[in-house]
Amino acid sequence: MRLSNRSMAAGLALVLCAAISSSEPVSSAIVGPTESSSAFVGRWDLTLKAPDREWPSWLELREEGGQLKAEMVGRWGNARPLPKASVANGRVTFVSPKEEEDAKADMVFEGTLAGGQLTGTVNGPDGKTWAWIGKRAPDLKRTGTPKWGKPIALFNGRDLTGWKMSPADSTKVWKVEGGVLVAPGNGPELINDQKFEDFKLHVEFNCAENSNSGIYLRGRYEVQVETDSIEEPPSHHMGGVYGFLAPAPELPRKPGTWQSYDITLVGRRLTVVQNDQTIIDNKEIPGITGGALDSHEELPGPIYLQGSEKGRVAYRSIVVTPAVK
């Protein structure tokens with residue numbers, strides 16, 4: 001017996017309803033980002049609270065093709081994509097691989113969002129549970145043209161007045177030899193006592209063959225000084241902001257010769273001039289780099305010189321011209 005057109009339509013409707021109400025899940029490929037995951041999207045300044053200290057970190061969450069993607073700066077190293085990030089039942093989860101963390105197991109971060117702040121826990125590499133918090137990274141946008149104050153010489157050419165080494169009890173130490181600061185190689189960092197917000201910085205440096213150092217702006221953003229990273233990504237090369245910004249053009253390497261940086265940092269906008277040639281032109285620094293003193297990007301911070309890497313690197317004529325309000 002043939003069904004009428006109306007009966008056939010009704011039957012088709014019943015079949016569709018049954019398919020929708022079945023236990024088979026709807027493919028995630030056709031489901032857009034949820035409102036709950038959208039609330040987590042953005043850049044976050046993280047602080048990991050280990051039993052003995054606090055570790056600065058940074059996270060960016062974004063939605064791509066209906067999926068949540070994550071990029072992270074951990075306790076050290078460069079910004080890197082994470083293999084997993086998800087939001088479910090109001091909780092965010094992201095995973096940092098054990099190979100990146102010098103840990104026996106992947107570090108699994110879980111947290112919730114309340115009052116505009118992330119709070120959560122992570123399994124620390126020491127086998128203990130660490131707490132962590134995340135605050136939305138400030139945009140640091142400035143209006144108008146900076147008014148520059150008087151230049152301040154941070155190095156007097158005689159001794160380490162105005163600087164401190166960290167850790168202070170290191171067996172290797174920074175020295176002043178012939179009027180220049182000399183890094184010990186695989187020793188402590190050298191941190192200036194003064195803190196700055198927006199500024200211009202002139203630095204002269206001499207990086208020997210197969211050596212590495214860096215100049216940290218506000219104690220958070222490293223401009224590379226190196227002659228040993230040619231096989232690494234361009235953002236790890238001389239003049240780059242480690243893991244974020246590559247020099248363009250990249251100048252020929254000159255191990256063992258004196259060179260100069262003229263750096264301008266206004267908010268997140270950075271210009272680097274190496275040997276009178278602009279290699280980074282008013283680019284935005286997305287977040288802190290590995291080795292940052294803290295993740296409080298909204299605050300002024302010091303200039304610090306990296307001494308924990310290998311080789312011989314010398315500095316002279318370190319002059320800051322701060323912006324005045």
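The values are calculated or read from the model by the stated rules, or taken from the named source; none is laboratory data. Since the model is a prediction, treat every value here as computed from it, not as a measurement. Backbone-built Cβ (ideal geometry, glycine too); neighbour counts: all protein chains shown. Heads up: the accessible areas ignore ligands, DNA and RNA and are worked out on the full protein's heavy atoms, side chains in. Shrake-Rupley method; radii C 1.70, N 1.55, O 1.52, S 1.80 Å.
Assuming charge only on the beta carbon of Lys and Arg (+1) and of Asp and Glu (-1), the dipole of the chain about its Cα centre is about 740 debye to the nearest 20. Starting from the Cα gyration tensor of segment 26-151, take the square roots of the eigenvalues, sort them a ≥ b ≥ c, and report rounded, prolate or oblate (rounded when a/c is under 1.5, otherwise prolate if a/b is larger than b/c, else oblate). Note, shape of segment 26-151 comes out oblate. Measuring nothing but protein heavy atoms, the accessible surface of the chain at 1.4 Å probe radius is 52 percent carbon and sulfur. Surface analysis of the chain yields an accessible area of 51 Å² per residue, using protein heavy atoms and a 1.4 Å probe. Here the spin labels are modelled as points 7 Å beyond Cα on the Cα-Cβ line, and at ALA114 and ASP294 they lie 2.5 nm apart.
Straightening the chain between SER260 and ALA88 buys 56.9 nm, computed as 0.36 nm per residue apart minus the Cα-Cα spacing.
With the helix formula -39500 (n - 2.57) applied to DSSP H stretches of n ≥ 4, the chain reaches a computed 222 nm mean residue ellipticity of -2000 deg cm²/dmol.
Residue pairs exceeding 19 angstrom between C-alpha atoms, taken from LYS164/LYS200; LYS150/LYS195; LYS49/LYS84; LYS104/LYS172; LYS49/LYS164; LYS283/LYS310: LYS164/LYS200; LYS49/LYS84; LYS104/LYS172; LYS49/LYS164; LYS283/LYS310.
The residues TRP132, TRP163, sorted by heavy-atom accessible surface at 1.4 Å with ligands and nucleic acids left out, run TRP163, TRP132 from largest to smallest. For the chain, the residue among GLY179, TRP258, THR47 whose Cα projects farthest onto the positive side of the dipole built from Cβ charges is THR47.
Each residue of segment 124-135 was assigned a 3J(HN,Hα) from its phi angle through the Karplus expression (A = 6.51, B = -1.76, C = 1.60, θ = phi - 60°), giving x, x, 8, x, 9, 8, 9, 8, 8, 10, x, 10 Hz with x at Gly and Pro. From the square roots a ≥ b ≥ c of the eigenvalues of the alpha-carbon gyration tensor of segment 271-318, which class results: rounded (a/c under 1.5), prolate (a/b over b/c), or oblate? Oblate is the answer for segment 271-318, as a/c is 1.5 or above yet b/c matches or exceeds a/b. Applying 1/(1 + (r/R0)^6) with r as the Cβ-Cβ distance of LYS104 and ILE152 and R0 = 45 angstrom yields a FRET efficiency of 0.45. Summarising the overall dimensions of segment 173-325 from its C-alpha atoms, the Rg and Dmax are 14.1, 43 angstrom. Restricting segment 43-94 to trypsin sites (Lys or Arg not before Pro) that sit in a DSSP loop and have at most 13 other Cβ atoms within 10 Å of their own Cβ leaves ARG53. Remark: spin-label model distance GLU231-VAL173 equals 3.7 nm, labels positioned 7 Å along the Cα→Cβ axis. Simple point charges give the picture: +1 on the Cβ of Lys and Arg, -1 on the Cβ of Asp and Glu, and for segment 42-187 a dipole about the Cα centre of about 580 debye. When GLU101, GLU209, GLU250 are compared by accessible area of protein heavy atoms, the largest-first order is GLU209, GLU250, GLU101, using a 1.4 Å probe. Simple point charges give the picture: +1 on the Cβ of Lys and Arg, -1 on the Cβ of Asp and Glu, and for segment 211-280 a dipole about the Cα centre of about 320 debye. Taking only Cα atoms, what is the 0 to 90° angle, nearest 10, from helix 5-20's long axis to the longest principal axis of the chain? Once rounded, one gets 40 degrees. In this structure, LYS283 and VAL41 have a Cβ-Cβ separation that, at R0 = 22 Å, corresponds to a calculated FRET efficiency of about 0.50.
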